[in-house]
1. Express the carbon and sulfur contribution to the solvent-accessible surface of segment 218-275 as a percent, rounded to the nearest whole number, probe 1.4 angstrom.
2. Of the accessible area of segment 337-467, with the probe set at 1.4 angstrom, what percent is carbon plus sulfur?
3. Suppose all protein chains stay in the model; what accessible area per residue would a 1.4 Å probe give for segment 245-347, in Å²?
4. In square nanometres, what is one fourth of the surface area of the convex hull spanned by the alpha carbons of segment 297-353?
5. Suppose all protein chains stay in the model; what accessible area per residue would a 1.4 Å probe give for segment 393-439, in Å²?
6. Relative to 2.2 N^0.38 Å, what does the C-alpha radius of gyration of segment 293-402 come to as a ratio? Two decimals please.
7. Stokes-Einstein diffusion coefficient for segment 351-467 at 20 °C in a medium of 1.002 mPa s, Rh from the Kirkwood formula over Cα pairs: what value in µm²/s?
8. For Lys140, which sequence-distant residues (separation of 5 or more, or a different chain) have an amide H within less than 5 Å of its own amide H, given hydrogens modelled in the peptide plane?
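The values are calculated or read from the model by the stated rules, or taken from the named source; none is laboratory data. All values derive from a computational prediction rather than experimental measurement. In this analysis, Cβ positions are derived from the backbone assuming ideal geometry, glycine residues included, and neighbour counts consider all displayed protein chains. Surface areas here come from the heavy atoms of the whole protein model, side chains and all, with no ligands, DNA or RNA. Shrake-Rupley method; radii C 1.70, N 1.55, O 1.52, S 1.80 Å.
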Amino acid sequence: MSSSSMLNTISISVSDDDEVTGRMRVRVRPKRKKPGLRGRRELLRWAVRTAIRWWPVLLFLPAVALLLLESSRLGRKLPDEVGDNLAASAKVESLKNLNRLDPTTRVVHGVREHCLKILSPEKLENLQFPASAESNFPAKRVLYRSDSSDQHPGEHYTFTQNEEATRFNLFTGYQTLHEREESFKANETAVVHCGFYSENGGFKISDDDRSYMGTCKVVVSTCAFGGGDDLYQPIGMTEASLEKVCYVAFWDEITRATQEKEGKVIGEDHMIDNWHVVVVKDLPFSDQRLNGKIPKMLSHRLFPEARFSIWVDSKSQFRRDPIGVIDALLWRTNSVLAISEHGARSSLYDEGKAVVKKHKATPEEVEMQLNQYRMDAIPDDKRFNGKKALAEASVIVREHTASTNLFMCLWFNEVVRFTSRDQLSFPYVLRRLNMTRVNMFPVCTRKDLVNSIGHQRKVKPLERLTS
């Protein structure tokens with residue numbers, strides 16, 4: 001047999017096992033490399049490509065960051081002259097209202113009318129003071145506690161509040177909770193704490209100033225303690241009022257020094273234009289807001305012979321004739337107390353939330369006060385005797401009667417015991433005494449009474465005095 005035929009006749013057999021083995025070999029996959037190393041290499045390549053592509057931006061970003069950092073540092077450390085310029089600019093803006101005499105108006109039943117209807121100068125010149133509007137109030141006489149009248153001052157002096165928060169001292173006397181409750185019962189003769197408790201309590205006034213204040217029958221007063229506000233001359237008064245009305249501003253030494261830098265120097269006659277300036281020594285509270293409540297609420301104690309008083313916050317300029325204001329807000333309304341109603345809220349409990357939100361007092365202080373008022377069954381009503389119960393209290397016009405003197409004493413005691421925010425305690429005292437003949441005049445009337453200027457600088461606090 002030839003070799004070619006042998007090749008043609010040779011057969012190759014493949015077993016089933018060999019077929020299976022062949023198939024298995026086909027399916028065998030090569031071993032994969034670990035993805036971590038490959039991922040890191042890819043990430044590195046991507047970073048290099050990105051850096052090459054965006055290198056101008058990467059160089060620019062640190063420069064911008066450095067510029068912003070330097071700008072913030074400059075913003076925190078403004079040069080004195082730049083800070084002074086900013087303060088001066090803000091002051092100029094706030095003084096735009098100064099010396100404005102244009103009347104404030106509102107639309108009533110489709111007719112525009114003045115918010116405050118003042119008599120003409122001719123009628124004011126011949127206006128006679130009427131009889132008192134006081135009537136049917138239980139208390140006919142108010143006596144004031146002092147360390148000489150109290151046999152055991154401070155005895156049984158206990159609190160449900162923190163003692164520091166109440167701030168009672170030798171000026172206020174040490175009112176107990178029992179005395180507080182008794183003071184609201186308004187017997188025919190009321191005996192209450194009302195400041196000036198001790199000769200060592202502070203708020204010292206010179207003999208010359210005290211003598212002058214004892215001559216006042218009608219007084220317009222303001223105060224600026226801690227140098228926070230400037231002194232604005234009253235405008236809009238008649239010659240008749242200038243002869244009948246005392247204008248008295250209470251300062252401390254801080255305010256005197258601040259105002260002298262502004263060119264407002266007290267004369268030898270204690271006057272700066274129409275204002276008689278009283279520089280008070282030895283203020284009793286470290287809280288300047290609380291010191292300010294003394295002339296605001298205790299004018300009957302500072303001006304013992306005065307029959308009428310008008311209080312104006314130092315951030316405002318009084319711009320109407322005081323006799324005309326007393327006539328419009330007290331005599332023609334048969335009232336003994338006139339005060340501006342609150343423009344934004346009506347409920348003292350809503351006001352408490354606002355005080356906390358605006359950081360005017362701590363939540364603990366406000367909650368302590370409102371809890372006491374809830375315990376005393378003060379409702380969350382927004383009206384009292386048909387009018388708003390919440391007052392704004394930057395302007396107070398009143399006749400010095402037993403009812404208003406008692407009201408002011410108790411109001412002052414509340415701001416000493418609790419927070420200095422007198423809007424919270426006003427409706428409480430109003431309800432507890434069931435005060436009538438109170439004229440809660442609208443916001444537009446207050447705007448007609450004063451030009452609002454605003455606070456000019458931060459008030460400087462005092463160190464607490466030790467007794």
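1. Here carbon and sulfur together make up 47 percent of the probe-accessible area.
2. In segment 337-467, the share of accessible area belonging to carbon and sulfur is 50 percent.
3. 31 Å²
4. 5.7 nm²
5. Averaged over the residues of segment 393-439, the accessible area is 14 Å².
6. Rounded to two decimals, the normalised Rg is 1.23.
7. This corresponds to a translational diffusion coefficient of 133 µm²/s.
8. Hits under the 5 Å cutoff: Thr189, Ala190.
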